[in-house]
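Asker: Just passing along the structure, written as structure tokens.
The values are calculated or read from the model by the stated rules, or taken from the named source; none is laboratory data. Computed from a prediction, not measured in an experiment: that's the story for all the values here. For neighbour counting, all protein chains shown are included, and Cβ atoms are generated from backbone atoms with ideal geometry for every residue, glycine included. When the accessible area is computed, the model is the full protein with side chains, heavy atoms only, and any ligands, DNA or RNA have been set aside. Shrake-Rupley method; radii C 1.70, N 1.55, O 1.52, S 1.80 Å.
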Amino acid sequence: MTKVNKEKKANYGLIMVVYLLGIFMGALDTGIVTPARTVIQESLGVSDTAGIWMITIYTLAYAAAIPVMGKLADRLGRRSVYLVAILLFGGGSFLCGVSHIFNSFPALLGARCIQAIGGGGIVPIANAEFGTTFPEEKRGMALGMVGGVYGIANIFGASAGSLVMDIFGTERWEFIFYVNVPIAVFILIAGFFCLPNTKDKASSKIDGLGTMLLVLMVLSLLYGIKNIDFFDFIATVTSTKVWPFLLVFVALLPVFIWAEGRAEDPVLNLKLFTNRNSLVTLLVSAISGIVMMGVIFVPQMCENAMEVPTGSGGYFVIALGVTAGIGAMSSGKLTDKYGPKLVLMIGFIASIISALIIIFFVTRNPNIVNVFGGLLMIGFAIGFTMGAPLNYMMLGEVAEHDANSGLATLALVRSLGTVIAPAIMVGFISHAGMNMQDNLMGIMPDEINVPELPYAEELMDMMDEQDMDMGDMPDLDDMKKIKIDMTDTGDSDFEIPDEILDEMMSADVTTIMTSVKHMTDYFFDEMAPEMTEEIYDGIDQGIAAMNDAVSEMNKGLKGINKGRRGITQGIDGIASAINGQKKGVNGMKQGRAGIQQGIDGIQKGIDGIQSGLDQMQKVVDQFNALEDGDPQKEAMRLQIEQMQGAMMGMKAQIAEMKEQMKPMIEQRDEMTKKINNLQGTINKLTRQRKKMIGQRAEMDKAIREMKSAIADIKDAQWKMGELKKGIPAAFEGAKANYMKALDAKEGEIKQCYQDTLNVGFRQMFELTACASVVGILLLLMYRKKYKE
């Protein structure tokens, strides 16, 4: 008896190893392609839109295969279908690698379908085997191991893909598929010898119509859901990539229900959707799928929180994987002891706690304690919600012969959660990332300090003093600081190319500064030549305007010189006229002096005659004073009479001489008048000459100033040529200054990057928290009790 028990224990152990190894291989492959997708699509020469199909087609085929493989296992035996599934998975993996040799993307997609069909039968069959054939005291632990292995492999899938490519090189990406082949061969050999072929003894017909309808419905529903952008729901749900497929699902649903009602052995037990407990189990399974999908973004969240390079987040996930494995195995034992409801509630509560840790601590105050605290709780949440409890609940609702199909239905419904959740979560991250550029632009310096250009200040002072119209000559004062607008909005001429945007979107917190600097480099490389050319054109226009100014000044200088010569001639003419007038005045003055001498001579004659006349008059008066009869009087009478006669003649002579003086006086006065007039003319000409001399002095000053201005302008033209030569170096200096300003803001830029992405991570874990609350509420409606 003891020997038999030891043999059974050994058999159970080997059975568990074979099934768990298959689960590990299948779950690992769900994520192993993710890091290699871009490498594969570039190698096969397909676009990003086409490349995503290597993941999409696997998801669709995997989900469609689950219920079919589960039902076939019920009818044909679990070992047979499981080994076929392993063969398909291993063969599909081999063909995926071979597609690289033929460089054929369609061949890769076909091989991925074969892989997925095989993968769809691995987990449900293993769960059914553990849940129906293992002793009850080991059943929970075994189912827990399934959940643990599946969760750990799923978590480490992406890291495994990166590791394989690091070992073999990205150009040998086929080895991420070839690694499955030896594992599959081992499982096939070991499984053939040790696995029991448990199967249903019923002889009813296989539900071919229902199987076909179910596959079509699953493919249509999942493909339609995968193409929905939940942040642009109306636009995407009305697109031809969504609504026709959802319409096919809705149209086939009543047909499928009718077909299943008529089938002897339906591929999908519809009673599972009418029984409260089984319906709650299925809904909670979908919720658990949503909760589990949060793990996909945990590496990226850890990288962002801890500021480590992309790909390093997998090291943090180790903690999550360890606790997920421990939680899965513990949940199995606890399920055996206390039933699945309590275990699931603990798992959802742990999920809520982990979400709160991430929302309020990891994304707001990241440190190693907060990050690992959140990861440990996520691991426990996944361990307690995946695997044992849900499988236990479903096995409790179906007959043993329907265990495979029941668990397949459970996995199918869970896949709905795993499809919907990433679509929403990616939307959170994507929409957070859409704000990245604007947020970073708000942090980055918006102006450049340009090194002072040679002679810039002197040139601006000169242009201000000269008040010159320089056309489109740039304001050199404004060039000391240049506004920077690296947005690609309508207000900016700068358009960020797709490769820079892709680099920004794929950057992490450790490379965002490099990406920002690459964008800055591109901005300067793209915009600096345009701005330089614009400045060159402005400077050339300024130089041309200066040439025009010099030309106009030379014309003005020629006119001024001509005017100066005219004024000089006028001054000389006036001086000659003044000299002539002065000579005339002098001659007239000499003539007037002669006339005056004549007048004076006549006047002296008159005065002499008048003096003699006065003497004679005195004698006459003395004669008249004598008494009549005075002998003296009588003696003098004759003399007096003669004297009186002489006096009469003298008076006549005086009168005649006065008459002679009159024309001479008039002539003298006329000459005086002419002299005065000529003197006035001389004075006027003198003033005019003085004024013209002043004008000539002003002209001389203007000539000197114009010559100086022309010299200054020519000097300015030379300086502008030197300034033009200094523009490239100035832009290089401006770029260096801007890069220094960026370096000074490195902390702010990284913080901005973290904060922007953290918005998406918070929203993502708010979703998982809400989903966990819904899961708890659903479990409250679950009424089945389990005995210890």
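Asker: Which number comes out as Rg/Rh for the stretch 628-688 once both Rg and the Kirkwood Rh are worked out on C-alpha atoms?
Answerer: We get a ratio of 1.59 for the stretch 628-688.
Asker: Out of Asn197, Met212, Pro366, whose Cα points farthest toward the positive end of the dipole of the chain (charges: +1 Lys, Arg; -1 Asp, Glu; placed on Cβ)?
Answerer: The Cα lying farthest towards the positive end belongs to Asn197.
Asker: Separate question: As an exercise, identify the trypsin sites (Lys or Arg not before Pro) in the stretch 334-411 lying in DSSP coil whose Cβ has no more than 14 other Cβ atoms within 10 Å.
Answerer: Numbers: sites: Lys337, Lys341, Arg364; in loops: Arg364.
Passing both the DSSP loop test and the Cβ count: Arg364.
Asker: Only Lys, Arg, Asp and Glu count, each charged at its Cβ (+1, +1, -1, -1), so figure out the dipole size of the stretch 647-788 about its Cα centre, rounded to 20 debye.
Answerer: Details: 28 positive and 18 negative charges, 48 e Å.
Around 220 debye, computed over the stretch 647-788.
Asker: Separate question: With each label point set 7 Å from Cα along the Cα-Cβ vector, what nm distance links Val17 and Leu638?
Answerer: Going by the 7 Å Cα→Cβ label model, 20.8 nm.
Asker: Per-residue HN-Hα couplings for the stretch 699-704, Karplus 6.51 cos²θ - 1.76 cosθ + 1.60 at θ = phi - 60°, whole Hz, x for Gly and Pro?
Answerer: 4, 4, 5, 4, 4, 4
Asker: Of all accessible surface on the chain at a 1.4 Å probe, what whole percent is carbon and sulfur?
Answerer: Percent of accessible area from carbon and sulfur atoms in the chain: 59.
Asker: For Thr532 and Asn103, compute 0.36 nm times the residue count separating them, minus their Cα-Cα distance, and round to one decimal in nm.
Answerer: The span from Thr532 to Asn103 would gain 149.7 nm if fully extended.
Asker: Moving to a separate point now. Kindly report the accessible area of the chain per residue (heavy atoms of protein chains, probe 1.4 Å, no ligands, DNA or RNA), in Å².
Answerer: On the way: 37640 Å² over 788 residues.
Value for the chain: 48 Å² per residue.
Asker: With a 10 Å radius around each residue's Cβ, average the other Cβ atoms per peptide and rank 727-738, 239-250, highest first.
Answerer: Working: 727-738: 17.2, 239-250: 14.9.
Answer by packing, highest mean first, reads 727-738, 239-250.
Asker: Hey, got the dipole for the stretch 203-354? About the Cα centre, +1 on K and R Cβ, -1 on D and E Cβ, debye to the nearest 20? Before the final figure, lay out each step's value.
Answerer: On the way: 9 positive and 9 negative charges, 90 e Å.
Roughly 440 debye, rounded to the nearest 20.
Asker: Then there is this: Beyond 17 Å, how much of the Cα-Cα pair distribution for the stretch 235-319 remains, as a whole percent?
Answerer: That tail contains 71 percent of the Cα-Cα pairs.
Asker: Based on the alpha carbon coordinates of the stretch 497-595, what radius of gyration and maximum Cα-Cα distance (Dmax) apply, in Å?
Answerer: Just the Cα atoms of the stretch 497-595 yield Rg and Dmax of 38.5, 122 Å.
Asker: Quick check on the stretch 148-293: take the gyration tensor over C-alpha atoms, sort the square-rooted eigenvalues as a ≥ b ≥ c, and tell me if it's rounded (a/c under 1.5), prolate or oblate. Let's see the in-between values first.
Answerer: Details: a/c = 2.03, a/b = 1.21, b/c = 1.67.
Verdict is oblate for the stretch 148-293.
Asker: Let me ask another. Among 372-382, 655-665, how do they line up by average Cβ neighbours within 10 Å per residue, starting with the highest?
Answerer: Final packing ranking: 372-382, 655-665.
Asker: Please give the helix 2-32 orientation as an angle from the longest Cα principal axis of the chain, in degrees from 0 to 90, rounded to the nearest 10.
Answerer: 30
Asker: Taking amide H atoms as placed 1.01 Å from N in the peptide plane, list the residues 5 or more away in sequence, or in a different chain, whose amide H sits under 5 Å from that of Glu447.
Answerer: When sequence neighbours closer than 5 places are left aside, the close amide H contacts are Ile484.
Asker: Between Ile55 and Ile368, how high is the FRET efficiency from 1/(1 + (r/R0)^6) when r is the Cβ-Cβ distance and R₀ = 45 Å? Nearest 0.05.
Answerer: 0.90
Asker: Helix 456-466: angle to the longest alpha-carbon principal axis of the chain, degrees 0 to 90, nearest 10?
Answerer: For helix 456-466, the angle is close to 40 degrees.
Asker: Here is a further query. With a Förster radius of 45 Å, plug the Cβ-Cβ distance of Met434 and Ala190 into 1/(1 + (r/R0)^6) and report the FRET value to the nearest 0.05. Let's see the in-between values first.
Answerer: On the way: r = 50 Å, r/R0 = 1.12.
Efficiency, rounded to the nearest 0.05: 0.35.
Asker: Taking 60 Å as R0, compute the FRET efficiency from the Cβ-Cβ separation of Glu746 and Gln569 and round it to 0.05. The partial results should precede the final answer.
Answerer: Working: r = 78 Å, r/R0 = 1.30.
Approximately 0.15, to the nearest 0.05.
Asker: Considering the dipole of the chain built from charges on the beta carbon (Lys and Arg +1, Asp and Glu -1) around the Cα centre, which of Leu188, Ile713, Thr511 is farthest to its positive end?
Answerer: Leu188
Asker: Then there's this: If you average 1/r over all unlike Cα pairs in the stretch 286-432 and invert the result, what Kirkwood radius do you get in angstrom?
Answerer: 16.0
Asker: Still on this structure, please answer the following. Roughly what angle does helix 208-226 make with the longest principal axis of the chain, taking Cα atoms, 0 to 90 degrees, to the nearest 10?
Answerer: Long axis of 208-226 versus the principal axis of the chain: about 20 degrees.
Asker: How big is the dipole moment of the chain about its Cα centre under a simple scheme where the beta carbon of each Lys and Arg is +1, that of each Asp and Glu is -1, and everything else is neutral? Debye, nearest 20, please. Mind dumping the intermediate values first?
Answerer: Numbers: 71 positive and 87 negative charges, 493 e Å.
Magnitude of the dipole: close to 2360 debye.
Asker: How far is it, in nm, from the label point at Gln688 to the one at Val250 when both lie 7 Å from their Cα along the line to the Cβ?
Answerer: 10.9
Asker: Turning to a different aspect of this structure: Using packing as a proxy for protection, rank 388-401, 223-236 so that the peptide with the highest average count of other Cβ atoms within 10 Å comes first.
Answerer: For the peptides 388-401, 223-236, the packing ranking is 388-401, 223-236.
Asker: Just going by the charge dipole of the chain, with Lys and Arg at +1 and Asp and Glu at -1 on Cβ, which of Gly775, Asn435, Ile535 is farthest out on the positive end?
Answerer: Gly775
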